[in-house]
1. If I model a spin label as a point 7 Å beyond the Cα along the Cα-Cβ vector, how far apart are those points for I291 and N244 in nm?
2. In nm, give the distance between the simple-model label positions of E339 and N45, each being 7 Å from the Cα along the Cα-to-Cβ direction.
3. Please list, or write none, the lysines whose alpha carbon is within less than 19 Å of the alpha carbon of K218, excluding same-chain residues fewer than 8 places away.
4. If we count other beta carbons within 10 Å of each Cβ, what is the order of E32, E352, fewest first?
5. Per 10 Å bin from zero, what fraction in whole % of the C-alpha pairs of region 263-336 is there, up to the bin with the longest pair?
6. Nearest 0.05, what FRET efficiency do K31 and W189 give at R0 = 45 Å with Cβ-Cβ as r?
7. Quick one: Y381, Y388, fewest Cβ neighbours within 10 Å first, how do they rank?
8. Suppose R0 equals 45 Å; then what is the FRET efficiency for L224 and L358 from their Cβ-Cβ distance, rounded to the nearest 0.05?
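The numbers here are math on the coordinates, done by the rules we state, and not lab data. Every value quoted in this text rests on a predicted model; they were computed, and no experiment measured them. Methodologically, a virtual Cβ is constructed for each residue, glycine included, from the backbone with ideal geometry; neighbour enumeration extends over all protein chains shown.
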Amino acid sequence: MVIFISGLTGKRLLVSVFLLLLAGMVFGIDKEDIKVYPPIFKSNNSEIDISDLDKAAEDAFNDIRDNVYNFLEFLPDDFTNLAGGFANASVFSSDGASQRGYEGYKAFSFTFGFMGGFKLPRNFSVFSILNLFKNSGNVGGGQGFFEDNMDDDVGIDPQILNAQFGINTSFLLKGLYLGFKFSKFDTHWISGVIPLSGFSFSTLSIGVNASYQLISQKRLLAGLLVWRGLNLGTGFIWQNTSFNLSPALSIDDNPIPIEGFETINMPVDAVFHLGFETNTYIVPIKAMTSIRLLGFLNLAAGVGVDIAFGSSKIGVSGSFKVDKDKVNRDLQDKGLTMETDPSLVLSPVGGESKPSILNIKVMGAVGFNFGPAIIDIPLTYYFLNNGYSVGVTFGVAL
C-alpha cells in the first residue's frame, strides 16, 4: 500500500514554506523543531489493512517534515547575530527629518520625511548590492550571497513618517538651538484601503536634541557662498519598531490516493507567524558643517557617534492541521474513520540581541533650499559595523 500527499508536497506547500523563508533570514531550524503527528485511521472495511494505511500515512507526513526541513536547512544556526543586526539598523535610522545641513536659522525650522537604516554583512558593500541586483536574473545569482552571509548580523529599519521641530533659543544662550523629534507609522492606518490580513508593521520614535553653533555663519562673495559655521549637537531618542506576519492559509483538496482504494481528501489549515520587536535608546553626538552655493545648493558634512542601548527580539512559529470532521464526513460511506487528525508544528524559535554601544559615523547631505523651503537627502555611513542610512527631508527654515 502506497500513500502520497500530492497537494502538500507540491507547490501549495511551497507557498506556505515561503513564509518561513522570510524567517529564514534570521533563524536556524533543526529537524527536532518540526513536529509531525500523522493521522490514525479506523476501518470497517475488511479489504483495507489498517496497519498498512497508518504506516503509509506516517511515512507520508514524515516526508512533509523532511521537505520543510530540507527547504530551510541552509539557515544559520546563530540567529542572535541577526537580531543584533535589526537592533543596529534601528539606531542607524534614528535621524529622520534631519536638519543637519540647515543650522543657523533665525527663528524656527520644521521638517518631515523618510529615513531607512541598513546593517549589511561585514564583507558586503554598496557595490555588492549593485552586483547582486545585476545577477538576480540569473539562476542561482543570489544564492552565493545568502550562503556566505546568512550567519552575519544584517538588518533593516524603515522610519516612514518623521517630523522634527527646531527653535532658535539664542535668547537663552547665543548659538543654542533646541528641537523635538517625532516619528509614527502604523499599517492599521491603511488597512481599510489596502487589505493587510495577517500583516502589521509599526514604528514609534520620540526624541529631543540640542545644537550649539560653536563658529557662527559666514557670508562670502556677496552671499553667493554661505558657510553655516561649525555646529555641535547631542540629544536623546527612543525608538520602537515592530513587525508581525501571521497569515492563515486554508488549503483544500489535498488528496491522499491509496493503492486499490478511493482517494481521501485532506483540507489543510496552516498558520505561520514571524515577528520582531526592536527597542533602542540612542544618544547622538555630532559635529556638522555645511555650505550654501548660489543661494540654493546645500552641501553638508560631519562626524559623530551614536551611543546606543536596547534590544531586538525575533521569533517564528508555524503549524498546519487537517479538518478532522470534514475528512470523516467524506470517509463515512467508505468504511473508514480518521480517529486522530494529523498536524505539523514548527516549534517557536527565536533570538534576542543588543545594538552596538558605540556607532561611529560620518555624515553628509545634499539638498536645495528655495527661500525658506528645504529639500534634503541625508546620508550616513557607520564604518565600524558597515551600516548605512539614507532618507529624504522636506521642510522650512525661517
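1. It works out to 5.2 nm between the two label points.
2. Spacing of the two 7 Å Cα→Cβ label points: 1.8 nm.
3. Qualifying lysines at Cα under 19 Å: K106, K174.
4. Values: E32 8, E352 16.
Least to most surrounded, the residues fall as E32, E352.
5. 13, 18, 15, 14, 12, 10, 9, 8, 2
6. Working: r = 41 Å, r/R0 = 0.91.
Computed FRET efficiency for K31 and W189: 0.65.
7. Values: Y381 16, Y388 20.
Ranked by crowding around the Cβ, least crowded first: Y381, Y388.
8. Working: r = 40 Å, r/R0 = 0.88.
Approximately 0.70, to the nearest 0.05.
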